[in-house]
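The values are calculated or read from the model by the stated rules, or taken from the named source; none is laboratory data. Being a predicted model, the structure only gives us computed values, none of them experimental. Counting neighbours? That spans all protein chains shown, and the Cβs are built from the backbone with ideal geometry, glycine included.
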Amino acid sequence: MLSNQSKYAIRAVLYLAIYSSKTNKLGSKKVAELIDIPAPFLAKIFQTLTREKIISSTKGPNGGFYLTKEELSKNLMGIIECIDGLDSFKSCFVGLPRCSDENPCAIHHIASPCRDVLIKELTERSIADFAEDSKKGKSFIFLKT
């Protein structure tokens, strides 16, 4: 349902939410290395997210990426919308050109409620909420070796 670019963006933003701050900015190469994402790909993702004001950055010797309090209050759906758009959440799960409650595909009644719950969670919960789950050990964003 999500492109690799969106998956990488979510993982990287959650990493920033946990480990960065205005006084502890992180470089894209370091984040890419730590969460096993191709560095050039992550650099482009971070450029897009910075331009759309989903994350913050500063240049210079002490520069890097971080999230402000306001950015931490944003949701993951904003990241997905920025990277992929929302078409994947509107399209038929099995790829039919027309699928709806009135004209359902074979699995519409199974997939549609799952999609609705996913959209709700990704919209209502903040980046900080997901980061906090990871800090508490309820979830993880990278494998520790």
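When we screen ILE45, ILE54 for residues that are crowded, with 17+ Cβ neighbours inside 10 Å, without any contact (Cβ under 8 Å) to a residue 60 or more places away in the chain and assigned to a loop (DSSP other than H, G, I, E, B), the only hit is ILE54.
Out of curiosity, is ASP116 under 16 Å from the mean Cα position of the chain (by Cα), free of Cβ contacts under 8 Å to residues at least 12 places away in the same chain and not in a loop (DSSP other than H, G, I, E, B)?
Details: under 16 Å from the mean Cα position of the chain (by Cα): no; free of Cβ contacts under 8 Å to residues at least 12 places away in the same chain: yes; not in a loop (DSSP other than H, G, I, E, B): yes.
No.
Rundown of residues vs (1) surrounded by fewer than 11 Cβ atoms within 10 Å (Cβ to Cβ); (2) under 17 Å from LYS74 (Cα atoms); (3) among the hydroxyl-bearing types (Ser, Thr, Tyr), yes/no style:
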site: ASN103; (1), (2), (3): yes, no, no
site: HIS109; (1), (2), (3): yes, no, no
site: ARG115; (1), (2), (3): no, no, no
site: LEU122; (1), (2), (3): no, yes, no
site: ALA131; (1), (2), (3): no, yes, no
site: ILE141; (1), (2), (3): no, no, no
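Can you find even one residue in region 68-80 that is touching a Lys or Arg at 6+ places or on another chain (Cβ under 7 Å), closer than 23 Å to ILE127 by Cα and of a type in the set (A, V, I, L, M, F, W, C)? Within region 68-80 (the criterion being touching a Lys or Arg at 6+ places or on another chain (Cβ under 7 Å), closer than 23 Å to ILE127 by Cα and of a type in the set (A, V, I, L, M, F, W, C)), the answer is no, since none of the residues qualifies. What do you reckon, is CYS92 in contact with a Cys (Cβ under 7 Å, 6 or more places away or on another chain), in a loop (DSSP other than H, G, I, E, B) and either modelled with pLDDT of 95 or more or closer than 21 Å to ASN4 by Cα (or both)? For CYS92, the condition - in contact with a Cys (Cβ under 7 Å, 6 or more places away or on another chain), in a loop (DSSP other than H, G, I, E, B) and either modelled with pLDDT of 95 or more or closer than 21 Å to ASN4 by Cα (or both) - is met.
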